[in-house]
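Scroll down for the structure; my scribbles are underneath it.
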Amino acid sequence: TPVLAVFDNEEVGSATKQGAASSFLYDTLLRVAGSREAYERMAEQSFMVSADNAHAVHPNHPEFADPTNAPVMNGGVVIKYNAAQHYATDGLSDAALREICRLHGVKLQNYYNRADLPGGGTLGSIADTKVPIPTVDIGLPQLAMHAAVETAGAEDVAEAVSLFQAFFSTDYRREGNKICLN
């Protein structure tokens with residue numbers, strides 16, 4: 001059952017009754033499944049994409065970007081990684097999303113938060129503490145995140161639409177530590 005979850009209060013704190021750190025997603029999925037046992041079977045077969053924005057290399061401050069994994073606007077959807085687990089992406093979720101994108105011709109880029117610079121987190125890493133399923137954090141590369149005027153590439157929006165069409169039209173099954181695409 002495809003599910004789209006849009007959380008409230010991200011910028012002021014996800015620990016509200018309707019935020020990503022609440023039981024809202026779990027409670028909703030439990031109701032959809034009909035029973036705890038059915039929920040556990042459903043969760044075992046699930047895969048989540050946490051979609052937000054991503055930092056593009058800023059032309060005025062390229063020194064803040066990882067020198068070998070620096071997303072650019074109009075370069076495609078970004079898979080985000082953070083060694084401190086502020087992003088939920090792991091090897092399993094990365095491989096599954098990359099395969100979906102490969103099969104559907106969606107352009108991807110990588111973003112690695114530099115370990116020596118603090119970075120933010122995403123709802124994916126918060127939500128999967130309540131609903132522990134493989135999660136990949138993605139975003140569209142942009143400049144001036146959280147500013148009054150954010151700048152992003154129009155071509156990346158089309159790539160994101162293609163990614164979500166592919167994601168929601170793909171059947172999944174989990175076999176141990178693998179996500180199999182049907």
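None of the figures in this text is laboratory data; all of them are computed from the coordinates on show. The structure presented is a predicted model; accordingly, all values stated were derived computationally and were not measured. Positions of Cβ are generated from backbone atoms using ideal geometry, with glycine treated the same way; all protein chains shown enter the neighbour counts.
For the reader, a short list of remarks on this structure follows.
- In the chain, Cα pairs under 8 Å separated by at least six residues give a relative contact order of 28 percent.
- On the beta carbon distance between Ala144 and Gln165, with R0 = 30 Å, the FRET formula returns roughly 0.60.
- For the chain, the number of Lys pairs separated by eight or more positions or lying on different chains, with C-alpha atoms closer than 26 Å, is 6.
- Backbone N within the range 51-85 under 17 Å of label point (7 Å from Arg114 Cα along the Cβ vector): 55-72, 81-84
- Cβ-based charge dipole, the range 10-50, positive-most Cα from Ser46, Gly13, Tyr26: Tyr26
- A full extension of the chain between Tyr26 and His104 corresponds to an added length of 25.0 nm, given 0.36 nm per residue minus the alpha carbon distance.
- Net charge dipole size for the range 40-171 [Lys, Arg +1 and Asp, Glu -1 on Cβ; Debye, nearest 20]: 40 debye
- Around Ala88: net Lys/Arg minus Asp/Glu count, Cβ-Cβ under 13 Å: -3
- Whole-number D in µm²/s for the range 60-177 (Stokes-Einstein; Kirkwood sum over Cα pairs; 10 °C, 1.306 mPa s): 104 µm²/s
- Net dipole in debye of the range 1-91 [+1 Lys, Arg Cβ; -1 Asp, Glu Cβ; about Cα centre; nearest 20]: 220 debye
- The range 84-140-the range 141-182 distance, computed between alpha-carbon centres (Å): 10 Å
- Each helix, a run of at least 4 DSSP H residues, gives -39500 (n - 2.57); summed and divided by the residues of the chain, these come to -9000 deg cm²/dmol at 222 nm.
- Counting only Cβ charges, +1 for Lys and Arg and -1 for Asp and Glu, the dipole size of the range 101-169 around its Cα centre is about 180 debye.
- Mean projection of the Cα convex hull over all viewing directions, computed for the range 1-120: 9.3 nm².
- Listed residues Asp137, Asp128, Asp171, most fluctuating in the chain (Gaussian network, C-alpha, under 10 Å): Asp171
- In this calculation the C-beta distance from Glu175 to Asn60 is compared with R0 = 35 Å, giving a FRET efficiency of 0.15.
- Charge sum, other residues only, whose C-beta stays under 13 Å from Val72's C-beta, Lys/Arg counted +1 and Asp/Glu -1: -3
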